[in-house]
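Rule-based calculations on the coordinates, nothing more; no lab input. Small disclaimer: the values here were computed from a predicted structure and weren't measured. Virtual Cβ from ideal backbone geometry, glycine too; neighbours counted across all protein chains shown.
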Amino acid sequence: MSKKKDTGHFGDAELNDLHLTVKSTTEGGACLTGHTGDFSGFKNKVSCNYRYQAYEQADSHGEIKERLHRYNEHPPERRLQTSAYRANKGGMTPDRYCAHLDIPEPGDWDIGGPPRAIKRRTFAKGKVRIPAGYNFTQDTWPYWNNAHHLIPKGTLDSVIQKQEAKVSNMIQKALLKARYNINHKKNMLLIPQDREVAALLNLPRHIQLKDDDTSSLPATCTDHPVYNDMVDRMNTGLDKIIKDYKNIFDQAKEDEHEIPDTELDKSRLENLSTELLELILSWGRTGGTGPSLDKKSTQLLKKNSL
């Protein structure tokens, strides 16, 4: 089954018409894959844009905003070291970032901030200007951050495609018809990449990177494989949900010529997103160490013998 660029699914071409991108709103879209995350200049406000969706969620969800704004009540006493790292081919990643962050003034890291333009010298030897009000429109403003899919898009893809091709297509068709959008704000969380920033905000950080959380976790700079596994294997996780969906289709009448119509309850996936959000926020309430998602997932898997 070939994967086509920007189709909104990973199944057959028959599903193309079911992918739906809605402009100027977070609602009403139908999409099963990650599309653009470009939100520079507040442009590209469409339902498939996961950074736009994550921004809107952070601005409207009280507890997320409270965490992101925590530095106002508990400012650092010194500059913060970032988690930027030296790439294998040389140079620093991200090259448009910096080694240290200045102590933020009130509002500097807020959603809707900074209250004034901030200039920063980057590894690339240039100066970056963060315009007033443009925080989180890019992945290094105000600090290195990620628009994290609570249910990872690649994990949803792999779990569905473990099924035979026809069942995989049926599940995708039903979810698209139900207007499920993996990029919807319910499935998104703005989260720090920097270890010291995460600690300050009482949040875990997105990826292990090259910071040594524990000897059992190797350096991982592009993914969170243990977290993905946890989302799949937890009691109410993806494996259970997709197997239940498959059972529904096993009872449906088969048609050799087209993908049959069957209804699925998208709230199963949306409820999993809510559960994962609550879990991640709970991981940041104690310790203040800014652990990675993979470290906390490792602990949960061991605790529950999953």
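Listed values, structure above:
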| read-out | value |
| --- | --- |
| Relative contact order (%) - criterion: Cα under 8 Å, at least six apart; region: the range 128-250 | 25 |
| For the range 31-145, the fraction of alpha-carbon pairs in successive 5 Å shells from zero, as % | 2, 11, 18, 22, 20, 15, 9, 3, 0 |
| Cβ-based exposure ranking for 31, 98, 48, in which fewest neighbours within 10 Å come first | 98, 48, 31 |
| Cα-centred dipole magnitude for the chain, charges only on beta-carbon of K, R (+1) and D, E (-1), debye, nearest 20 | 1240 |
| DSSP loop GluC sites (Glu not before Pro) with at most 14 other Cβ within 10 Å excluded, longest remaining stretch of the chain | 165-253 |
| For the range 124-180, projected area of the alpha-carbon convex hull averaged over all directions, nm² | 6.7 |
| Built amide H within the under 5 Å cut-off of residue 85, gap 5+ | 93 |
| Value of [θ]222 nm, deg cm²/dmol, for the chain, DSSP H segments ≥ 4, -39500 (n - 2.57) each, nearest 500 | -9500 deg cm²/dmol |
| Note, ³J(HN,Hα) from phi for the range 107-115, Karplus 6.51, -1.76, 1.60, rounded to Hz, x at Gly and Pro | x, 4, 10, 5, 4, x, x, x, x |
| Under-5 Å amide H pairs with residue 46, H placed in peptide plane, nonlocal only | 24 |
| Shape parameters for the chain, alpha-carbon atoms, Rg then Dmax in Å | 20.2, 67 |
| DSSP loop trypsin sites (Lys or Arg not before Pro) with at most 10 other Cβ within 10 Å: longest gap in the chain | 126-252 |
| Debye log10 I(q)/I(0) for the range 70-207, one point scatterer per Cα, at q = 0.13, 0.21 Å⁻¹ | -0.68, -1.25 |
